[in-house]
Amino acid sequence: MEKRYFQPEAECASREQIRAWQSERLVAQVKRVYENVPYYRNLMIDKGVEPGDIQSADDLYKLPFITKDDLREAYPFGLLGAPLEDCVRIHSTSGTTGKRVVAFYTQSDIDLWDQCCARALVAAGADKSDIVQVAYGYGLFTGGFGLNGGSHKVGCLTIPMSSGNTDRQIEFMCDLGTTILCCTPSYASYLAETITERGLRDKIKLKAGIFGAEAWTEEMRHDIENTLGIKALDIYGLTEITGPGVAYECLAQHGMHINEDHFIAEIINPKTGEVLPYGEKGELVFTCITKQGFPMLRYRTKDICVLNAEPCECGRTFLRMSKPMGRSDDMLIVKGVNVFPSQIETVLLNKGYPANYQIIVSREKHSDILEVNVEMTPEMFSDSLREISSREKELVEALKIMLGIYAKVRLVEPKSIARSEGKAVRIIDKRNLY
């Protein structure tokens with residue numbers, strides 16, 4: 001495997017050097033936040049912690065957590081870490097689960113964010129000869145701006161397509177010779193399906209895709225790779241921390257490298273807050289040690305994953321995080337059982353179904369009911385009713401083995417489930433209406 005880096009002095013630094021950077025920057029960040037962010041200073045005082053108690057990264061556990069509830073309570077300026085006149089941009093979450101979160105960026109924050117995304121692109125094989133098509137949304141959403149800035153840092157020709165307008169996406173892909181595609185995995189799957197249907201597979205020149213903003217399975221990765229003939233790589237980020245580029249996958253595809261010179265990662269028990277050792281599954285927590293405008297300390301992401309400290313064959317020395325296995329806040333609890341959409345997706349893709357499905361949870365007579373609508377391929381749709389019924393029963397059994405509970409399965413005709421040009425809407429929880 002070819003080994004290429006955007007900033008090798010950081011990406012390949014010794015573990016001792018990385019830890020030294022983290023300790024030095026954490027101590028300075030805690031002092032700055034304590035002095036400039038009254039909201040967080042009060043959290044520290046409530047926990048009996050002073051800046052002097054933080055002497056190195058080993059003392060991180062002493063600090064209080066920040067949650068999305070804190071961000072909403074402090075909206076809009078309560079967690080601002082720099083003078084407003086020093087901030088040059090904001091980004092925001094969708095606000096679909098409550099009040100919007102507004103994150104502030106200084107020019108230094110944006111420059112460092114661009115560098116993190118440039119590392120991700122180079123890890124995917126990008127150089128100045130590449131053409132990068134950014135099909136993430138622009139505007140308040142962080143996706144488009146992050147990869148756009150990273151592409152500029154690398155020196156690639158950048159196509160700022162934004163999301164949607166599939167006809168134009170494919171037209172530019174064919175006419176301009178796009179080599180790297182950046183979008184959500186569900187939209188990449190939709191683009192792959194459309195390109196194949198139109199017989200344009202030989203007209204595209206893609207070699208890699210950087211897909212994030214959603215949890216997705218290895219099965220979905222393989223399906224996209226096989227359909228488009230590319231390397232499909234994951235990227236991780238969230239508005240509260242900086243956006244995409246917090247962590248990125250290399251061509252080895254064995255987890256995402258966390259940019260540890262800018263972020264300290266922890267895994268905790270989501271119920272107790274106890275810090276867990278590397279290799280154990282739990283909730284991911286991030287601390288920003290270089291961000292000025294919106295410097296989150298011990299932010300609980302709600303993403304469930306595992307941290308891996310083993311060396312990577314690519315030569316990068318940063319810790320790696322697994323693909324998020326779900327989110328603790330949108331995890332479904334059905335009949336007392338924890339259910340992640342990724343579990344259902346794994347079963348469907350292993351059985352040869354497309355990655356287009358919808359999970360519906362309802363309640364009748366105080367009992368939860370789990371239903372899964374699954375699109376058939378055109379070949380399956382031509383089967384007899386008896387064969388379709390047999391397929392449904394097969395999926396019911398496979399899902400019961402995976403989930404431990406019964407799920408009703410309904411196979412539906414191809415393209416009958418609405419496609420997404422952004423984040424896919426996988427779950428309809430009707431219990432919230434009762």
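The values are calculated or read from the model by the stated rules, or taken from the named source; none is laboratory data. On a predicted model such as this, the values are computed, not experimentally measured, just so you know. For neighbour counting, all protein chains shown are included, and Cβ atoms are generated from backbone atoms with ideal geometry for every residue, glycine included.
Some notes on this structure:
- Selection status of Ser163, over 17 Å from Pro244 (Cα atoms) and at pLDDT below 95: no
- Subset of segment 332-347 [aliphatic (A, V, I, L, M) and crowded, with 17+ Cβ neighbours inside 10 Å]: Leu332, Val334, Val339, Ile344, Val347
- Failed condition for Ala124, given (1) in contact with a helix residue (DSSP H, G or I) (Cβ under 6 Å, 6 or more places away or on another chain); (2) of a type outside the set (Lys, Arg); (3) within 30 Å of Cys250 (Cα to Cα): (1)
Yes or no, residue by residue, for (1) touching a Cys at 6+ places or on another chain (Cβ under 8 Å); (2) over 22 Å from Ala247 (Cβ atoms); (3) charged (D, E, K, R); (4) in contact (Cβ under 8 Å) with a residue 24 or more places away in the chain:
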site: Tyr40; (1), (2), (3), (4): no, yes, no, yes
site: Val49; (1), (2), (3), (4): no, yes, no, no
site: Ile54; (1), (2), (3), (4): no, yes, no, yes
site: Ser108; (1), (2), (3), (4): no, no, no, yes
site: Asp114; (1), (2), (3), (4): no, no, yes, yes
site: Cys117; (1), (2), (3), (4): no, no, no, yes
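- Among (1) out of contact with any strand residue (DSSP E or B) (no Cβ under 7 Å at 6 or more places or on another chain); (2) modelled with pLDDT of 95 or more; (3) of a type outside the set (A, V, I, L, M), the one test that Arg391 misses: (1)
- Every listed requirement among (1) farther than 28 Å from Tyr248 by Cα; (2) of a type outside the set (Phe, Trp, Tyr); (3) surrounded by fewer than 14 Cβ atoms within 10 Å (Cβ to Cβ) is met by Asn350 save one, (1).
- Single residue of segment 280-300 satisfying the filter (more than 12 Å from Val30 (Cα to Cα) and either touching an Asp or Glu at 6+ places or on another chain (Cβ under 7 Å) or among the charged types (D, E, K, R) (or both)) that is surrounded by the most Cβ atoms within 10 Å (Cβ to Cβ): Leu284
- Counting only strands (runs of 3 or more DSSP E) that sit wholly inside segment 289-348, not one has at least 3 residues that are free of Cβ contacts under 8 Å to residues at least 24 places away in the same chain.
- Residue match in segment 100-121 (condition: assigned to a loop (DSSP other than H, G, I, E, B) and farther than 30 Å from Gly177 by Cα): yes
- Single residue of segment 371-385 satisfying the filter (outside any loop (DSSP other than H, G, I, E, B) and acidic (Asp, Glu)) that is farthest from Ile360 (Cα to Cα): Glu379
- Test: residue in segment 222-237 that is more than 30 Å from Glu193 (Cβ to Cβ) and not hydroxyl-bearing (Ser, Thr, Tyr): no
- With respect to the conditions (1) farther than 30 Å from Phe6 by Cβ; (2) outside any helix (DSSP H, G or I), Arg89 falls short on a single one, namely (1).
- For segment 210-218, the criterion of a residue being in a loop (DSSP other than H, G, I, E, B), at pLDDT 95 or above and surrounded by fewer than 24 Cβ atoms within 10 Å (Cβ to Cβ) is satisfied by no position.
- Some residue of segment 411-423 being over 25 Å from Asp329 (Cβ atoms), outside the structural domain of Phe141 (by TED's automatic domain parsing), modelled with pLDDT of 95 or more and touching a strand residue (DSSP E or B) at 6+ places or on another chain (Cβ under 6 Å): yes
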